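The values are calculated or read from the model by the stated rules, or taken from the named source; none is laboratory data. All of these numbers come straight from a predicted model, not from anything done at the bench. Reconstructed Cβ throughout: ideal geometry from the backbone, glycine too, with neighbour counts over all protein chains shown.
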Amino acid sequence: MKKCKLEKLLVSSIVSVAIFLSTSFAFAQNSAWSGQGISNFLTNGIEAPNVLKDEKYYYPITREEFTELVIGFYAKVSNINRDDIEVKENPFKDTTSLDVQRAYSLGIIQGISKDAFSPNDNITREQIATMVTRLLKLKGIDTETNYDLSYCKDKDEISEWALDSLSYFVENGIIKGVNISNSNLYIHPKSTATVEAVITILDRIAEKHNWLIKSKDLYINGFLVPNDTELILKEYGDDSLICTIEWEEITDIEKLKKDLIYILNSKEEIKDYNKINNFINRIIVKDIENELWKEKDEVYTNKYKIYVRKGGDSAWVYFMPI
C-alpha cells in the first residue's frame, strides 16, 4: 500500500479492526485480571504441572491442587528443589500426594482430622489466607497486624482462626474484597477460590517481596500478549480473545504487526510463522478506500482454520479447530 493510503488509514477516526481469537480446541480460559500472574508463574518456571493447565485456571482449586501449587511456589522463591524438603511420616489415609506431605511437614497445611486431609474438597478464601500466612512465616515475613475489618459487612462470617490472616491479607492488598456499593465491602471468607485466584494471590505476594521476575507478557486464554501492545484487549470468554485495533491510536505500525504475529504464534497448535505473517500483512495493509478485502478471507494452519469476517469498518479474525 502506498504511503498516502497508510497515512489516510492512520488518521481515520472511525476505523477499527477487531481480532477475534477462538481456541476452543485447547479449552484455554482465564480472566484478564489473572493474565499477569499466570504469565509470571510460567515465565519463572514454577512447577505445578497438574494445576498450571489451560483447562483448570477458571475452576475452583482443590486442597490437593493447592498444596502442589504452593509447594512449587515455595520451592521457587526459596531457590530449593522440592525433593529436598524433608518429609515426615504421612498421617493421612486419604492421600499419598508427596506435595501434601511436604506442605504438612513444613507446617503450611493441616488435615481436617488426625488422619484425613480431604484432598478433593475445594478450598476457601479464609483457608487460603491462613495457609499462605504460614508460608510467609516460614520465609521470615512478619504478618502481625492490628488492621480492623469491622467495616466489612461479612466480618462475622470469618472464622476466629482466620481473622488475623485475612486482616493481614486485606491490609496489604493480597486479598481484595468485593465492593457491592461504596459502603458495603464483602470478604466472602467461606467462598471457594479458583486456580487463577490463588495464582494471583501468590503473585501479589511475590511482587511485594520481589521474589519473581515480571513477565513481559499477559497470558490470556492460551495466548501470550505483550504488556506494551497498542492492541486493546477485550474479554470474550469460552477460549476466545478480542483484540481491537483503533487505527488513530496506533503510533507504531511495525510494532503492531510484530505484536499480532507474536500473539498468534504463541499458541502451539496454531504456530505457522509464514502463513500467519502473510495473514497479518493483509490486515495491516488493508485498503479502506478501495475495499480490497473479500467478505471472507481464510488460511489453514496446523489444526486450525483462521478466517476473517468483515463488517462495515471492522474485521474479526477467527481461530477454529479443523
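Does L185 satisfy the criteria of being part of a strand (DSSP E or B) and surrounded by 17 or more Cβ atoms within 10 Å (Cβ to Cβ)? Criteria met by L185. Within region 179-200, the set of residues being more than 15 Å from the chain's Cα centre (by Cα), closer than 21 Å to T133 by Cβ and aliphatic (A, V, I, L, M) comprises L185, I187. Considered as a group, the residues in region 142-160 that are in contact with a helix residue (DSSP H, G or I) (Cβ under 7 Å, 6 or more places away or on another chain) and not hydroxyl-bearing (S, T, Y) include one that is nearest to T67 (Cα to Cα), and that residue is I158.
Checked against the criteria, S215 does not count as exposed (fewer than 14 other Cβ atoms within 10 Å of the Cβ) and either at pLDDT 95 or above or more than 16 Å from the chain's Cα centre (by Cα) (or both). Looking at the structure I just gave you, is D203 surrounded by 22 or more Cβ atoms within 10 Å (Cβ to Cβ) and either within 20 Å of the chain's Cα centre (by Cα) or in contact (Cβ under 8 Å) with a residue 12 or more places away in the chain (or both)? When the stated conditions are applied, D203 passes them. Right, V225: among the hydrophobic types (A, V, I, L, M, F, W, C), at pLDDT 90 or above and outside the structural domain of Y59 (by the TED database) or not? Against the criterion (among the hydrophobic types (A, V, I, L, M, F, W, C), at pLDDT 90 or above and outside the structural domain of Y59 (by the TED database)), V225 qualifies.
Going through (1) free of Cβ contacts under 8 Å to residues at least 24 places away in the same chain; (2) part of a loop (DSSP other than H, G, I, E, B) one by one, L149 falls short only on (1).
Restricting attention to region 64-98, the residues that are in a helix (DSSP H, G or I) and either among the hydrophobic types (A, V, I, L, M, F, W, C) or in contact with a strand residue (DSSP E or B) (Cβ under 8 Å, 6 or more places away or on another chain) (or both) total 8.
The residue of region 228-242 that is nearest to R282 (Cα to Cα), among those that are modelled with pLDDT under 75 and in a strand (DSSP E or B), is I242. One residue stands out among those in region 47-96 that are among the hydroxyl-bearing types (S, T, Y) and more than 21 Å from the chain's Cα centre (by Cα): the one that is surrounded by the most Cβ atoms within 10 Å (Cβ to Cβ), which is T95. Selection over region 91-128 of residues that are more than 24 Å from I158 (Cβ to Cβ) and either among the β-branched types (V, I, T) or outside the structural domain of S78 (by the TED database) (or both) gives a count of 3. With respect to (1) at pLDDT 95 or above; (2) assigned to a strand (DSSP E or B), the lone exception for I205 is condition (2). Of all residues in region 102-143, those that are part of a loop (DSSP other than H, G, I, E, B), out of contact with any Gly (no Cβ under 9 Å at 6 or more places or on another chain) and in contact (Cβ under 8 Å) with a residue 12 or more places away in the chain total 14. With the structure loaded, tell me whether D99 is surrounded by 17 or more Cβ atoms within 10 Å (Cβ to Cβ) and touching a residue at least 40 places away in the same chain (Cβ under 8 Å) or whether it fails that test. Considered against the rule, which asks whether it is surrounded by 17 or more Cβ atoms within 10 Å (Cβ to Cβ) and touching a residue at least 40 places away in the same chain (Cβ under 8 Å), D99 comes out as no.
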